[in-house]
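For reference, the structure discussed in these notes is given below.
The values are calculated or read from the model by the stated rules, or taken from the named source; none is laboratory data. Here the structure is a predicted model, which means the values were calculated and not measured. Note that each Cβ is placed from the backbone with ideal geometry, even for glycine, and that neighbours are counted across all protein chains shown. Just so you know, the surface numbers come from the protein's heavy atoms only, side chains and all, with ligands and any DNA or RNA stripped out. Shrake-Rupley method; radii C 1.70, N 1.55, O 1.52, S 1.80 Å.
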Amino acid sequence: MTSLFQPLKLRELNLANRTIVSPMCQYSAVDGVVQDWHTVHLGQLAQSSAGMLILEATAVEAAGRITHGCLGLYNDVQESKLTELVSLLRNLNPRMSLPVCIQLGHAGRKGSSHRPWESGMQIPLDEGGWIAKAPSAIEHHEGELPPEALTVDELAALKERFVSAVERSHRAGIDAIELHCAHGYLMHQFLSPVANQRSDEYGGSLENRMRFPLDVFRAMRAAWPAEKPMGVRLSATDWDAASSWDIEESSRFGQLLEEAGCDWIDVSSAGVSRHQKIDIGPGYQVPFAQAIKSVVSIPVMAVGLITEPEQAEEIIAAGKADMVAIARAFMYNPRWVWHAAARLGGTVDAPVQYWRSTPADAGRLFGDTPIGQR
């Protein structure tokens, strides 16, 4: 069996293979509630035969949304509709029982933004925007309305909102949770001196900058059932020479996450500095995953312009990461895993309705297909 199609166990959750559907913001919710678009978009991906499907970044409070179109999990209507969606996704391919994960997060100073196709810029208050919250009152882009710095009391309340979202996720039937500590959103803002210039116990030293994200993770882990896994997505570097948040600091953060009960680390980069200079190319973030994998014993997920099956196979086979998370390639080709199996000699569990779709030259693509035809 190829490395990409080896199973993986995260606590009591079984993944059929090492390809993960990465969270993809769709900016198509209404008041944080899933819509028909999510049903169609995620329905395709639920039939992909991936090892796990991670739902898009979901805010733990209204002010934590990036845009008006972002998902939320902070009221009963959102929870009810998410529960319905998760049940539907699971029933689309009951042979595989695809694990469904949710990424919980908070936009911090990147909140109150227009959708990307509507400019992506900050929404003025008189046009329906809101005052963002952040570690420090430092705007993300020059000329924006600065966020308000979170008080210690507000941090305590915000931690409880994350815990509440964890409890709602469990009731909704979610199998796993990923805490979003990447891409310049609130948790990453605390970690990076670019956005965190506090003078209290939550700013300054690396230990202090890690304090709030670690406090939140520990509280979430305590509220999540012991048999269910919980991971973290982090930005391994700011790609900014003026920032100390780099692979050394993020590796230390990864070690402390492991000690706190983290089950995987999803390694991305960038997003917090307007001065970032990124050297982009195929698999450009894989070395960061490999570096963090060298200092932790939990599984590590690689992301970033991983588009070809042979590329993904090499990453896993060479021990650079334990999983690969793919986003854009899945939007272009929701059957990416099927094609990878055909090219690499793997097998997948596909919906029975599609069992006759295998091309003649694809080999035994589907593992246990029905027999017979009328």
Report summary line: Within the chain, pairs of Lys residues whose Cα atoms are less than 23 angstrom apart, provided they are eight or more positions apart or on distinct chains, add up to 11
Query raised in the report: How much of the accessible area of the chain, probe 1.4 Å, is carbon plus sulfur, in whole percent?
Result: 51 percent
Query raised in the report: For E139, E314, what's the largest-to-smallest order of accessible area, 1.4 Å probe?
Result: E314, E139
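Quick check for you: with a 1.4 Å probe and neighbouring chains kept, what is the accessible area per residue of segment 276-349, in Å²?
On the way: 3300 Å² over 74 residues.
That works out to 45 Å² per residue.
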Report summary line: In nm², the average projected area of the convex hull spanned by the Cα atoms of segment 217-374 is 12.4 nm²
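Considering only the other residues whose Cβ falls under 10 Å of the Cβ of M210, what net charge follows from Lys and Arg at +1 and Asp and Glu at -1?
Result for the local shell: 0.
Kindly sort W336, W130, W117 by accessible area of their heavy atoms, largest first, with the probe set to 1.4 Å.
Working: W336 15, W130 40, W117 160 Å².
Descending accessible area places them as W117, W130, W336.
Any idea of the accessible area per residue across segment 187-232, 1.4 Å probe, to the nearest Å²? Write out the running numbers ahead of the final one.
Working: 1510 Å² over 46 residues.
For segment 187-232, the solvent-accessible area averages 33 Å² per residue.
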Query raised in the report: By what distance, in whole Å, do the Cα atoms of segment 102-165 stretch along each of the three principal axes, largest value first?
Result: 33, 28, 19
**Report entry** Percentage of interatomic Cα-Cα distances in segment 15-103 larger than 20 Å
**Finding:** 30 percent
Query raised in the report: Once Lys and Arg get +1 and Asp and Glu get -1 on their Cβ, which of P334, W264, V295 lies farthest toward the positive end of the dipole of the chain?
Result: P334
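Restricting the count to DSSP beta bridges whose residues both fall in the chain, what percent are antiparallel, rounded to a multiple of 5? Intermediate results must be reported in sequence, preceding the final value.
Working: 5 of 39 bridges.
Bridges in the chain that DSSP calls antiparallel: roughly 15 percent.
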Report summary line: With every protein chain kept in place and a 1.4 Å probe, the residues K159, K81 fall, from largest accessible area down, as K81, K159
Requested in this report: Using a cut-off of 15 Å between beta-carbons, work out the net charge of the residues near E201 (Lys and Arg +1, Asp and Glu -1, E201 not included).
Outcome: -1
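Can you tell me, using C-alpha contacts under 8 Å and at least 6 residues apart, the relative contact order of segment 50-208 as a whole percent?
26 percent
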Query raised in the report: Can you give me the Cα centroid spacing of segment 9-42 and segment 148-170 in angstrom?
Result: 22 Å
Query raised in the report: Counting pairs of Cα atoms in the chain, how many percent are more than 35 Å apart?
Result: 21 percent
Query raised in the report: In whole percent, what relative contact order does the chain give with Cα contacts below 8 Å and a gap of six or more residues?
Result: 17 percent
